[in-house]
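Visitor: The structure is given below, and queries will be raised subsequently.
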Amino acid sequence: MAEAAVHPKFPVPFRFTRVKHARKLPIKIRAKKILERLEHAYPAAQCALRHENPLQLLVSTILSAQCTDERVNQVTQPLFQKYKTAADFAYADPREFEKEIRPTGFFRAKTKSILGATKLLVEKFGGEAPRTMEGLLELPGVARKTANVVLGTAFGIASGVVVDTHVMRLSHRLDLSREDDPKKIERDLIQIVPKSKWIVFSHQLIWHGRLVCQARKPKCPDCPLEDLCYSKDKTV
Ligand code: SF4
C-alpha cells in the first residue's frame, strides 16, 4: 500500500477564513472546520502500514503496538515473503517467529497474538480475516483499534474511528474529547464526525500527529488548525 500523499507543511489556512474565538464555537461546527482543513492538508491520507491484503494488515497492525509504522514495514517486508497464508503464520515455529519480529518490541506477546489469531482464522474463518467487528474481536490480541483498522482500511467498512496514540493526543489538544479511555474517545468522535468520514479522518489525524502536532514539540506555526486550537500545549 502506498504511503499517504501529504503536505508536511501547510501554514496559514489561506483558503479558509481564520476563526477568532474557537473556544466559543459549538463543537460540531469546530469539528466540521477541522475536517475541512485536514481534508485540504491531507487529501490522500492512507494507512502507512504496507500490506497487500487484509491478513497482512491484521498482522502489521498487531506488530505496530508500541512501535513505529516504519519499523513494522521493515520487519514485514521479509516476513510476508516467508509467511503468505494464515496457515503459514498459524503453524510457524514460535521461537523462530519471535526472532523475526523482535525489532518491533514485545515480540513474545506479539508472537502469541499473531499465531493465536491466525490459528483461529484457519479453524473458524476459512483462513480469511472476518469482515465484522464481532469476528475480529474474537481473535487473540485484537482489540477495537486493530479491528477498526482492518475493517476500515482493508474492507472499506466504517465501523468506528481508529483511536491510536496520535488520535488520542490530538483529540485532547483539539478538545474533541476530554476522555482518557480510547473507547470513550471513539464514542465522542463518532458523534461529531460524519460516518462517511470516519475512516479517512483517522488517517488524517494520524498523519497530522506524525508530521505537525507531534507529542513533544508541536509545530503550531505550521499548523492549518492553529486558529481552531486552544490547547495548553500550543507553541504559538
Ligand atoms: S497543538 Fe499546535 S500543532 Fe497541535 S493542533 Fe494545536 S495548533 Fe496544531
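Only the coordinates and a few stated rules stand behind these numbers; no lab work does. Since this is a predicted model, take the numbers as computed values, not measurements. With ideal geometry, Cβ positions are generated from the backbone for all residues, glycine too; neighbour counts draw on all protein chains shown.
Visitor: So for the range 118-236, taking the charge dipole from beta-carbon charges (+1 Lys/Arg, -1 Asp/Glu), which of GLY135, ALA158, HIS172 sits furthest toward the positive end?
Guide: HIS172
Visitor: Still on this structure, please answer the following. Which entries of LYS33/LYS110; LYS32/LYS84; LYS112/LYS183 have Cα-Cα distances beyond 31 Å here? Please list the in-between numbers first.
Guide: On the way: LYS33/LYS110 39 Å; LYS32/LYS84 42 Å; LYS112/LYS183 24 Å.
The pairs that break the limit, which is 31 Å between Cα atoms, are LYS33/LYS110; LYS32/LYS84.
Visitor: Under a Cβ-only charge scheme (Lys and Arg +1, Asp and Glu -1), can you give me the dipole magnitude of the range 174-236 about the Cα centre, in debye to the nearest 20?
Guide: Working: 12 positive and 10 negative charges, 33 e Å.
Computed about the Cα centre, the dipole is about 160 debye.
Visitor: With each label point set 7 Å from Cα along the Cα-Cβ vector, what nm distance links ARG178 and LYS32?
Guide: With each label placed 7 Å out from Cα toward Cβ, I get 2.4 nm.
Visitor: Please work out how much length the chain gains when fully extended from GLN74 to ARG102, using 0.36 nm per residue of separation minus the C-alpha to C-alpha distance, in nm with one decimal. Don't skip to the end; give the middle numbers.
Guide: On the way: separation 28, 0.36 × 28 = 10.08 nm, distance 1.16 nm.
Taking 0.36 nm per residue and subtracting the Cα distance, the gain is 8.9 nm.
Visitor: Which distance in nm do the two modelled labels at GLN81 and MET133 give, with both placed 7 Å along the Cα-to-Cβ direction?
Guide: Each label point lies 7 Å from its Cα, and together they span 3.9 nm.
Visitor: Be a star and scan the range 124-161 for residues whose amide nitrogen sits under 15 Å from the point 7 Å along the Cα-to-Cβ vector of TYR91.
Guide: Counting only backbone N, you get 124, 127.
Visitor: Let me ask something additional. For a quick protection proxy, order the peptides 143-149, 19-25, 133-139 by their average other-Cβ count within 10 Å, most packed first.
Guide: Highest-to-lowest ranking by the protection proxy: 143-149, 133-139, 19-25.
Visitor: Can you compute the FRET efficiency between LYS24 and SER231 using 1/(1 + (r/R0)^6), with r the Cβ-Cβ distance and R0 = 22 Å? Round to the nearest 0.05. Walk me through the intermediate numbers first.
Guide: Values: r = 16 Å, r/R0 = 0.72.
In this case the efficiency is close to 0.90.
Visitor: So, one more: Note down, for the range 140-220, the three equivalent ellipsoid semi-axes (square root of 5 times each alpha carbon gyration tensor eigenvalue), biggest first, whole angstrom. Spell out each step's value before the answer.
Guide: Details: eigenvalues 81, 36, 32 Å².
Listed largest to smallest, the semi-axes of the range 140-220 are 20, 13, 13 Å.
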